[in-house]
1. To the nearest 10 degrees, how steeply does helix 46-66 sit against the main Cα axis of the chain, on a 0 to 90 scale?
2. Which listed residue (LEU138, LEU81, LEU10) has the Cα farthest towards the positive end of the charge dipole for the chain, taking +1 on Lys and Arg C-beta and -1 on Asp and Glu C-beta about the Cα centre?
3. If you put +1 on each Lys and Arg Cβ and -1 on each Asp and Glu Cβ, how big is the dipole of the chain around its Cα centre, in Debye rounded to 20?
4. Any chance you could look up the accessible area of ASP51 with a 1.4 Å probe, heavy atoms only, rounded to 10 Å²?
5. Given contacts defined as C-alpha pairs under 8 Å and at least six residues apart, what's the relative contact order of the chain, whole-number percent?
6. Loop only by DSSP, 12 or fewer other Cβ within 10 Å of the Cβ. Give me the trypsin sites (Lys or Arg not before Pro) in region 1-63 that pass, ordered by residue number.
7. On C-alpha positions alone, give me the angle between the axis of helix 2-29 and the longest principal axis of the chain, in degrees, nearest 10.
8. How much area per residue is accessible in the chain when the probe is 1.4 Å and only protein heavy atoms are counted (Å²)?
Amino acid sequence: MWIKQAFLFLTGLCAGGIIAAGVFAFIAVIGLVPRLAGRTHTAKHIELYEDFIVLGGTSGNLLSLYGSELSFDLPFLPGSLAGAAFGLASGVFVGSLVMSLAETLDAVPVLIRRLKLSVGLPWMILSLALGKTAGAFLFFWLGFGG
């Protein structure tokens, strides 16, 4: 019986390692870390960016596996504030990842040309972000759509 458990453990560990390697290779290929460091003029802290991406991936996996047993009740933050901080950090990461992918695929320049947009791109991006925020607020806080 222990051989079966050891085999399942090894198989799960290898499969998880392959998936993690694929995700981190994807992040490296689209240039997320150098792009963030370049935009924020913090290239001297690039190793810190990488450490936090790995820490975030590991934390996300732990929450995925043991989410029902973990809580956001930190001694220095009430649960709702810690959840909000986690949601904000997740949103910033996903937004950065999507924008890096869009820039890598040259989707933004194509969109600008097709819409004949010469000015106002920051306002367009801000309106998209505010619309997404309003939709998430309505969905999660007020319970719409569920």
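The values are calculated or read from the model by the stated rules, or taken from the named source; none is laboratory data. Everything numeric here is computed off the predicted structure, so don't read it as measured data. A quick note on method: Cβ atoms are made from the backbone with ideal geometry, for glycine too, and the neighbour counts reach across all protein chains shown. We work out accessible area using only protein heavy atoms, side chains counted, and drop any ligands, DNA or RNA first. Shrake-Rupley method; radii C 1.70, N 1.55, O 1.52, S 1.80 Å.
1. For 46-66 against the chain, the angle is about 60 degrees.
2. LEU138
3. On the way: 8 positive and 7 negative charges, 114 e Å.
For the chain, the charge dipole is close to 540 debye.
4. 100 Å²
5. Result for the chain is 18 percent.
6. none
7. 20 degrees
8. Numbers: 11610 Å² over 146 residues.
Result: 80 Å² of accessible area for each residue.
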